[in-house]
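The values are calculated or read from the model by the stated rules, or taken from the named source; none is laboratory data. Please read all numbers here as calculations on a predicted model, not as lab measurements. All Cβ positions, even for glycine, are placed from backbone atoms using ideal geometry, and neighbour counts span all protein chains on display. Just so you know, the surface numbers come from the protein's heavy atoms only, side chains and all, with ligands and any DNA or RNA stripped out. Shrake-Rupley method; radii C 1.70, N 1.55, O 1.52, S 1.80 Å.
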Amino acid sequence: MAGSKYASTGTQNVTTPADTVLGITGTAAQRLWCHFFSLSSYATPADNAIFWTLQRYTAAGTSTPVVPVALDSADPASVGVSGENHTGEPTYTVATELWENAVNQRATLQLWCAPGGEFVCPATAANGIGWQPLHASFTGVVETTCHWTE
């Protein structure tokens, strides 16, 4: 896919109910195509299966802004925005889970989308996608990295 490519990372302590680790948000003028993401934890290793959900939202919530980094330093600043460590959750759209999976805390998961199979944020203000981890008792820190194309 042609276009400029960007990266953002997010960190969050796992909580119940789930708090969003990373959200990427398009604009009315720009869609975002997420073509790669990774999930990991840098808490003390243990055998915890963290349940991850990637889901669409219609309002970005309140988070710490993360400045997207251009993967090619010659590209302009990203039109899309991202945020981590949400203190006010995005408004998730019911039944729009794009991806769900349980990942052991000791593992790092990388997901590369096949061309044409990217997760897409619509060209609608404040709409995007967010990553949420969930575990009943584990409260360690997890991290998500996302690469997208504009």
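Over the chain, what is the relative contact order in whole percent, taking alpha-carbon pairs under 8 Å and six or more residues apart?
Numbers: 441 pairs, mean separation 76.0, N = 150.
Relative contact order, the chain: 51 percent.
About the Cα centre of region 1-141, what is the dipole size in debye to 20, counting +1 per Lys and Arg Cβ and -1 per Asp and Glu Cβ, all else neutral? Write down the numbers at each step before the final one.
Details: 4 positive and 9 negative charges, 21 e Å.
Here region 1-141 has a charge dipole of around 100 debye.
Computed from the mean reciprocal separation of all distinct C-alpha pairs, what Kirkwood hydrodynamic radius does region 97-148 have, in Å? Intermediate values should be presented prior to the final figure.
On the way: mean 1/r = 0.0735 Å⁻¹.
Kirkwood hydrodynamic radius for region 97-148: 13.6 Å.
Hey, could you get me the Stokes-Einstein D for the chain, Kirkwood radius over alpha-carbon pairs, 10 °C and 1.306 mPa s, rounded to whole µm² s⁻¹? Walk me through the intermediate numbers first.
Values: Rh = 15.2 Å.
Translational diffusion coefficient: 104 µm²/s.
For the pair Leu98/Ser73, report the inter-label distance in nm, with labels modelled 7 Å from Cα in the Cβ direction.
Label at Leu98, label at Ser73, 2.9 nm between them.
Give me the one-decimal Kirkwood hydrodynamic radius in Å for region 30-71, with the sum taken over alpha-carbon pairs. Before the final figure, lay out each step's value.
Working: mean 1/r = 0.0698 Å⁻¹.
That comes to 14.3 Å for region 30-71.
To the nearest Å, what is the center-to-center distance of region 63-99 and region 125-140, using C-alpha atoms only?
Using only Cα atoms, the two centres lie 12 Å from each other.
Calculate how large, on average over all directions, the projected area of the Cα convex hull of region 1-40 is; give the answer in nm² to one decimal. If you can, show how the numbers build up before the last one.
Details: hull surface 15.7 nm².
Convex hull of Cα atoms, orientation-averaged projection: 3.9 nm².
Can you give the local net charge around Leu98? Use residues other than it whose beta-carbon is closer than 15 angstrom to its beta-carbon, Lys and Arg +1, Asp and Glu -1. Write down the numbers at each step before the final one.
On the way: positive: Arg31, Arg56; negative: Glu97, Glu100, Glu118.
Residues close to Leu98 contribute a combined charge of -1.
If each of Ala136 and Val120 carries a label point 7 Å out from its Cα toward its Cβ, how far apart are those two points in nm?
Calculated label separation equals 3.9 nm.
Rg to Rh ratio, region 62-143, alpha-carbon atoms and Kirkwood radius? Provide the component values of the computation, followed by the final result.
Working: Rg = 15.0 Å, Rh = 15.6 Å.
A ratio of 0.96.
Using the Cβ atoms and a cut-off under 13 Å, what net charge is assigned to the surroundings of Pro68, where Lys and Arg are +1 and Asp and Glu are -1? Walk me through the numbers on the way to the answer.
Working: positive: Lys5; negative: Asp72, Asp75, Glu84, Glu150.
Combined, the nearby Lys, Arg, Asp and Glu give -3.
Based on Cα positions only, what radius of gyration and what Dmax would you give for region 66-113, in angstroms?
Reported Rg and Dmax, both Å: 15.1, 39.
Write down the accessible area per residue of region 25-77 in Å², having rolled a 1.4 Å probe over the full set of protein chains.
Details: 2720 Å² over 53 residues.
Value returned for region 25-77: 51 Å² of accessible area per residue.
How would you order 41-51, 122-132, 92-102, 137-147 from highest to lowest mean count of nearby Cβ atoms within 10 Å?
Ranking the peptides 41-51, 122-132, 92-102, 137-147 by packing returns 122-132, 137-147, 41-51, 92-102.
How much FRET efficiency would the formula 1/(1 + (r/R0)^6) give for Thr44 and Thr145, where r is the Cβ-Cβ distance and R0 is 30 Å, rounded to 0.05? All intermediate terms of the calculation are to be shown ahead of the outcome.
On the way: r = 21 Å, r/R0 = 0.70.
In this case the efficiency is close to 0.90.
If a paramagnetic tag sat 7 Å from the Cα of Thr15 along the Cα-Cβ line, which residues of region 116-148 would have the backbone N under 18 Å from that point?
Backbone N within reach: 130-144.
Compute the Cα gyration tensor for region 11-88, then decide on rounded, prolate or oblate, letting a ≥ b ≥ c be the square roots of its eigenvalues: rounded whenever a/c is under 1.5, prolate when a/b is larger than b/c in the other cases, and oblate in all that remain. List each step's numbers first, then the result.
Working: a/c = 2.18, a/b = 1.59, b/c = 1.37.
Prolate shape, in that a/c is at least 1.5 and a/b is the bigger ratio.
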